Amino acid sequence: MIWQAILYVCSIAAGVTIVLFSRQLVSIKKWYDISFLQGVGLILWGLSHLMINHPDPVVRIISLPLDSLFYLFFLMSLHVYPLAPHIYYDQWKTVLDSVAFLAIYGATVLTIVFSPAETGSTFILMHLFSGLLLVFPLVTVYMANARLNGKQTERKAELLLATLLLIVTVMLHQLLPEPVVMIFGVLSIGILVFAHYRFPRNRSKSVVMDEHSYLHEQLHFSIQDSNAMQVLLIIQLIAMLTWRESWVYMIGFGIAAIITTVRICLTKSRNQSLIRQTLKTAGSLEKKFSEQLEQIQGKNYQLSKMLSLKQTYEKLLLASNEQSLREVSYENLQQVIEELVDVWFAKMDNLVYLRLSLESQDGVVYYEIIRGDEDHSGIQRDVTERIAVDEEQDTPLVPRYVVMQAKCVTENEEELLLEQSFYQLLIVNVRGLILRCLQENQLLELRLMEQEMELAQKIQRMLMPDGRLLLPKLEAKAVFLPDTYVGGDYIDYLKLDERRTCFVIADVSGHGLPASLMTTGIRSAVRAVTQTCWEPELILQRLNSLLYEDLIKTRSFITMLVAIYDSHEHALLISRAGHPQPLYLTASGAALLPCCGGLGLGLSPDSFYERETIPLKEEGILLAYTDGLLDLSRNDLQRCVNQWLEGFTRLRHEGLLSEDEDSIAIVENYVKSQTSESLQTDDISLLILRFQSGTEQEAVIDDVV
């Protein structure tokens, strides 16, 4: 008795634990779930068996309905077992199964009341058939669960097997020895608690199914349930025929058999309805399949047409690429266009007439190609495309428009729309060929121009002094930095006699080739004037008179600085015609050389110029330059001059312009480094004169280092 009490207490404790696992108590419509129902069933089973051994007869009577509630709660737990939205027990089946169980239970109670001698066998029979009422739906649910997939399904199957083990133990507990019942009872209860602990707590995702699959799964489950009930009915009939000792019990089994029969008939009726719905959905699916098959066939036809057009398009692209790889010029342009049109006319299946022309803005046809029959009887569509070649030019070589007219035999709008892109590709290719010819011609002209400019640059540099001029107490070097290939700056130094050397630096207004052409005339004029004159102011006056007419015609002018070096006096005679003041660099510092100025050449026919004599008493550098040196800065002119003066003063303080250093090279490199850091917008020319004091030496004239 003690071991039985321990078993029943364990059942109650396990039931409380399983109830705590319940996770569905959140809805008024469904306030229970499988854990709740089985937990309560275990509690009732333990209480009923503790009460059945009580000495009070009232307590023993109360224990009977509690024992029956164990079976009812476990039966309901199987009916609410969570399978899938389309697999479930109808509520009326739960009601009929419960009524059938109550019929057997009522027969048991009446048998005990009227035939107390048959109590033991009646209890055994009740537990056996009550257990069978649970086993058959459990097997049905297990088979339905096995059709599902996933990890949750495996854990749910564990709970079903644990439930089956407990039901079998309860069914046979009065037929087995007490130790065996104790062992199997505790073991089955423990396994059931563990199965509820591992039971999935979250809802599995619903599988999206079509209507036919939904009905098929529901029908399959309903047929399995009907088969199980048929087996149960056979067992009930066998029990009625074999157990005739108690008519009351036979009546109870008869009522249960009748209820089971009604349930089977209703289930078969529902199955017939499900079969009709399934067949209806199958017919609907077949119809949809036929429609989809027709759509697929239509799409396949369209795809085949698209594939054909794609292949045509690829062939046309290959033809276009072949033409693009050919060398095209104005000499073979028409031939290449004709070959391209022939390819298009041959590859386009629906094309029966094709005309391509090169036209002016006014509609004048410079050139045209015609393929096919314009009066073909099957023509359905007429397509015209036009594209502009160049908005600025309109010549036979570079027409304003490429025009294409095509006539085809197709009526299909989609094909026509696709083929229209092919026609556009044709005129785009023709336009590209024309532009390639134009570009090649422009590149040829550009190369010729570059060659001419390079030749002009070489000529201008040949006219400039090359290397340094060395005199006993003076060195000179010319530096020319043009903004483009050539410029309008002019530098020269030439020996007038044994005593005097003339230095000239000039800047023609304007840039480029026109200004460089003017420097050639200046060079000739300077050499002509210095044949008969050595005074710098007179040289400027005579140059102004000589060049004035030409400068007026070209609307230009010239700034110039002329310096005559007198080796006997060791002095410079300087005159300026609108030219910037030179920079004077000595040991005392850097400053602008104070010398008189005048109007630039070509601005007035009667210009007058003054002469300034600069005795060279100490070592130093005189830097004459063109105004391009002052255009490197966006600042005002005076500020730019001050920046150069500060830079040269810094060089003097660093000892770089001393007698021991190559001062001319240092000044040249400094100017070049500063100009490379700025945006040059004008030609820059430098005339660097380095003079020194000391005893006279023999002049070495025109010696180039």
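The values are calculated or read from the model by the stated rules, or taken from the named source; none is laboratory data. All values derive from a computational prediction rather than experimental measurement. Cβ sites come from the backbone with ideal geometry, for glycine too, and all protein chains shown count toward neighbours. In case anyone asks, the SASA skips ligands and DNA or RNA and just uses the protein heavy atoms, side chains included. Shrake-Rupley method; radii C 1.70, N 1.55, O 1.52, S 1.80 Å.
Quick notes on this structure:
- With the highest mean first, a sort of the peptides 46-53, 623-630 on other beta-carbon atoms found within 10 angstrom per residue produces 623-630, 46-53.
- Residue-normalised accessible area of the range 498-603, expressed per residue, 1.4 Å probe, Å²: 40 Å²
- Stretch gain in nm, segment Val168-Gln230, where the contour uses 0.36 nm per residue and the Cα spacing is subtracted: 20.2 nm
- Residues of the range 342-372 falling in the label zone of Arg386, defined by backbone nitrogen less than 20 Å from a point 7 Å along Cα to beta-carbon, are 354-371.
- Inter-label distance for Gln361 and Asp606, nm, one decimal - labels placed 7 Å from Cα along Cα-to-Cβ: 5.3 nm
- Environment charge of Val262, counting only residues whose C-beta is closer than 13 Å and scoring Lys/Arg +1, Asp/Glu -1: +3
- The range 333-392 and the range 549-573 have Cα centres lying 68 Å from one another.
- The modelled label-to-label distance between Leu517 and Thr554, using points 7 Å beyond Cα along the C-beta direction, is 0.8 nm.
- For the range 509-635: rounded, prolate or oblate by the Cα gyration tensor [a/c cutoff 1.5]: oblate
- Once the chain from Gln442 to Ala346 is taken as fully extended at 0.36 nm per residue, the excess over their C-alpha distance is 31.1 nm.
- Here the calculated FRET efficiency for Cys640 and Ala528, from their Cβ-Cβ distance with R0 = 51 Å, stands at 0.90, rounded to the nearest 0.05.
- Between Thr261 and Arg650, the contour length at 0.36 nm per residue exceeds the alpha carbon distance by 127.8 nm.
- Simple spin-label estimate for Asp56 and Ala591 gives 13.6 nm between the two label positions (7 Å along the Cα-to-Cβ direction from each Cα).
- Highest to lowest packing among 357-370, 543-556, scored as the average C-beta count within 10 Å: 543-556, 357-370
- Pairs beyond 30 Å (Cα-Cα), from Lys156/Lys287; Lys495/Lys617; Lys495/Lys553; Lys299/Lys407: Lys156/Lys287; Lys495/Lys553
- Taking a ≥ b ≥ c as the square roots of the eigenvalues of the Cα gyration tensor, the range 122-199 is classed as oblate, since a/c reaches at least 1.5 and a/b does not exceed b/c.
- Using R0 = 45 Å, the C-beta based FRET efficiency linking Thr410 and Leu279 works out to 0.45.
- Using the average count of surrounding beta-carbon atoms within 10 Å as a protection proxy, the listed peptides 641-650, 573-582 rank, highest first, as 573-582, 641-650.
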